[in-house]
Amino acid sequence: MKFDLDAVLVEHGCAGSALATRILRALPRHVPVTHVADNETREATRPASGARDPFGAGKRRMVIARRKTPFLMPCHAGSSRFACCGYLVLTLASNCPMDCSYCFLQEYLADNPAFQVYANFTDSFDELDRLIDNARGRSFRVGTAELADSLAFDSITSISRDLIDFFASRENLTLELKTKTDEIENLLGRDPRGRVLVSWTLSPAAVYRSSEHLTASPTARIAAARAVLDAGYRVAFHLDPLIAYPGAERDYLLLIDELLDTIAPKQISFISMGGLRMTPRLRGAARSRFPGDPMLCGEDVLAADGRFRTFTPLRLNLYRTLADRFRKAGAEIPAYLCMEAASVHESVFGAAPSRPAIIGNRLARD
Ligand code: SF4
């Protein structure tokens, strides 16, 4: 197990589940395991009273519970305001053992920060089957990284194996596993039949060192991408959040050089880019948890959507520099912007974005 846990709590009704059994078998002996009544689970996910950093403490407390609400939903970033990709999210876990200073979960999960995994996760496969039955002819890209990293803790949950086997048998679905880890052991040796894409968020070494605590290094992420590509998976990359610190342009170009030296452009399914964006509440929480992180203190302005965003000329300059670098790489890499207005997309790529359903369909099929 690559990440530390202080405790594991198992909801009574999940005690004999396959997931709980797997986790308890793989758990190091020193981690205490407690069983909680089903009606006490909610309380177990709350911030620990008296903890100096309740959110950070929640990340190290795993709760194995039954999910009572649907697993499948549209990506929360989707909105008529943005030029998005029509992504669907499958919530199989909540919170993350890594600790990026800019992570939106610090706000979103402030009231229930425990690391939850859902013992009934295979119910999500029924939801997906209903989705494709009701939308024949359409293709969907489905990701598991909305409220968690897709592969953190996969060494003890092995959920990726069930997911890969399910998606490999469904022609109209593409699974996207998105991660900042190099936890790929469960992927190697399985046959994804072209239906599974693994994506990595990439940042320059300066951002990794300053802001992406407990993640794999950028070099390790790129090496992991090469390994899963060789094992038959598709790969993609997210340059998100792009952070406009002094020297950023040079560092991002070096990062892209390292990426393209390892993986040929034609082997990359897509690149997404997005600027650093934080609601006022998130910015307050992030600066208070990581007061020494210079990446959180760049030049930003409060945008019309209520989020602080990197000053537009700085953000556009980074987008254009990187888009230009990808164009010059000699092969057309499909690229899109996450949570940006159509006008920004047009200014970077020289054309208006496609409608979300069209972008999503293309990404799911290519
Ligand atoms: S890896 Fe992703 S989910 Fe985990 S802390 Fe970082 S930004 Fe948040």
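The values are calculated or read from the model by the stated rules, or taken from the named source; none is laboratory data. As the structure is a computational prediction, the values presented were derived from the model and not from experiment. FYI the Cβ positions are ideal-geometry reconstructions off the backbone, even for glycines, and counts take in every protein chain you see.
The figures follow:
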| quantity | calculated |
| --- | --- |
| Residue satisfying all of: in the stretch 122-156; surrounded by fewer than 22 Cβ atoms within 10 Å (Cβ to Cβ), in a loop (DSSP other than H, G, I, E, B) and of a type in the set (S, T, N, Q); nearest to the ligand (Cβ to nearest atom) among these | T122 |
| Leading residue by the ranking (surrounded by the most Cβ atoms within 10 Å (Cβ to Cβ)) among those in the stretch 164-184 that are β-branched (V, I, T) and within 16 Å of the ligand (Cβ to nearest atom) | T179 |
| Cβ pairs under 6 Å, 6+ apart, first in the stretch 192-212 and under 13 Å from F270 (Cα atoms) and modelled with pLDDT of 95 or more, second more than 15 Å from the ligand (Cβ to nearest atom) and of a type in the set (K, R) | L197/R234 |
| Selection within the stretch 257-281 - buried (at least 21 other Cβ atoms within 10 Å of the Cβ) and of a type in the set (A, V, I, L, M) | L259, I268, I271, M273, L276, M278 |
| Neighbours by Cβ (under 9 Å, 6+ apart or cross-chain): first from the stretch 27-39, of a type in the set (V, I, T); second surrounded by 10 or more Cβ atoms within 10 Å (Cβ to Cβ) and assigned to a loop (DSSP other than H, G, I, E, B) | V31/M1; V31/D4; V31/L5; V31/D6; V33/L27 |
| Candidate set: the stretch 204-227, residues that are β-branched (V, I, T) and surrounded by 21 or more Cβ atoms within 10 Å (Cβ to Cβ); chosen: the one farthest from the ligand (Cβ to nearest atom) | I222 |
| Selection from the stretch 185-203 of residues that are surrounded by fewer than 23 Cβ atoms within 10 Å (Cβ to Cβ) and within 16 Å of the ligand (Cβ to nearest atom) | T201, L202 |
